[in-house]
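Enquirer: Dumping the structure here so I can ask a few things about it.
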Amino acid sequence: MKSSVSEWIGLIRSLIVYRRPGRQRGLRRLYAPFVREGDLVFDVGAHLGDRSAAFAALGARVIAFEPQPHVAHLLRRLVGRNERITVREEAVGARRGTEHLAISRRTPTVSTLSGSWRTQLTRTNAGFRSVRWEESVPVPVVTLDGLIESYGVPSFCKIDVEGYEAEVLAGLSRPLAGLSVEFVAGQLDVAAACVARLQELGSYRFNVVAGEQRTFAFEAWMDGDAAIAWIESGADGVASGDMYAVLDGA
């Protein structure tokens with residue numbers, strides 16, 4: 001599959017955003033409480049590997065998942081020589097198999113396996129009204145449970161898969177010490193479903209990082225009920241961010 005001009009423009013934009021000077025230092029500070037030397041980390045939705053690189057710099061062994069063919073190719077060029085990072089060109093979901101990935105050439109960060117997320121966000125989030133998904137490609141799907149069988153239990157799992165986060169967690173049957181899941185205004189029900197699923201797996205505390213910031217929004221971590229209440233009340237108008245979860249006693 002040949003890359004189009006639109007795809008290269010989208011990838012260049014991502015490089016500017018996610019590989020800008022100083023970003024790695026901030027990411028290492030953010031993840032240092034969760035990731036230590038020798039830990040295993042799953043980076044689900046690795047994109048161009050900025051977070052994978054931060055995890056590896058903290059001493060972790062990283063399994064990075066990126067199903068978009070052109071993005072995965074560039075990801076290997078950026079981080080593939082790092083012996084701590086393994087790149088897998090697969091998606092992660094509720095069950096093993098094959099799914100169709102809707103690809104946005106100009107904005108590859110919003111390519112998604114979620115049909116409902118894609119159709120609803122163009123109506124519910126003004127920032128997505130100009131986004132187009134021009135093609136669909138079949139991609140292999142694996143599960144977190146299957147990956148744990150292969151690699152062991154990760155100390156941290158970052159999930160950023162454009163509305164498919166709840167499906168990723170549906171493929172997990174045991175609690176993990178730490179996780180993060182992306183949320184986006186206009187589809188906050190996905191984030192609420194993720195919190196509810198994590199509550200089923202274990203006793204978690206939650207906090208939020210808004211957008212691309214590197215600090216937590218709340219001094220005190222919330223329980224699951226408080227996190228869902230915050231989401232359902234509109235998430236303080238935050239356009240997007242990541243919900244972090246830490247298992248009690250971990």
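What follows draws every value from the coordinates through simple rules; no lab data is involved. What you see is a predicted model, and the numbers here were worked out from it, not measured in a lab. Every residue, glycine among them, receives a Cβ derived from its backbone with ideal geometry; neighbour counts consider all protein chains shown.
Enquirer: For the range 137-158, does any single residue satisfy the condition of being assigned to a loop (DSSP other than H, G, I, E, B) and surrounded by 21 or more Cβ atoms within 10 Å (Cβ to Cβ)? Even if it seems obvious, please write down each step before you answer.
Expert: We begin by selecting, within the range 137-158, every residue assigned to a loop (DSSP other than H, G, I, E, B); these are 143, 152-155.
Now drop any that are not surrounded by 21 or more Cβ atoms within 10 Å (Cβ to Cβ), which leaves 154.
So far as the range 137-158 goes, yes, one or more of its residues are assigned to a loop (DSSP other than H, G, I, E, B) and surrounded by 21 or more Cβ atoms within 10 Å (Cβ to Cβ).
Enquirer: Further, regarding this structure: Are any of the residues in the range 120-128 farther than 25 Å from E89 by Cα and touching a Pro at 6+ places or on another chain (Cβ under 6 Å)?
Expert: Checking the range 120-128: not a single residue is farther than 25 Å from E89 by Cα and touching a Pro at 6+ places or on another chain (Cβ under 6 Å).
Enquirer: Cβ contacts < 8 Å: first residue within 16 Å of T112 (Cβ to Cβ), restricted to the range 136-155; second residue of a type in the set (V, I, T) and buried (at least 20 other Cβ atoms within 10 Å of the Cβ), any location; separation 6+ or different chain. Result?
Expert: S136/I103; V137/I103; V141/V92
Enquirer: Looking at G97, G80, G171 in this structure, which one is surrounded by fewer than 14 Cβ atoms within 10 Å (Cβ to Cβ) and either under 16 Å from H47 (Cβ atoms) or among the small types (G, A, S) (or both)?
Expert: Answer to the check: G97.
Enquirer: When only residues in the range 115-124 that are free of Cβ contacts under 8 Å to residues at least 60 places away in the same chain and touching a strand residue (DSSP E or B) at 6+ places or on another chain (Cβ under 9 Å) count, which is nearest to V168 (Cα to Cα)?
Expert: So the residue we want is G115.
Enquirer: Select from the range 111-136 the residues that are in a helix (DSSP H, G or I) and of a type in the set (A, V, I, L, M, F, W, C) and write down the one among them that is nearest to F65 (Cα to Cα).
Expert: The residue in question is W117.
Enquirer: Mind listing whichever residues of the range 35-74 are under 29 Å from P138 (Cβ atoms) and of a type in the set (D, E)?
Expert: D43, D50, E66
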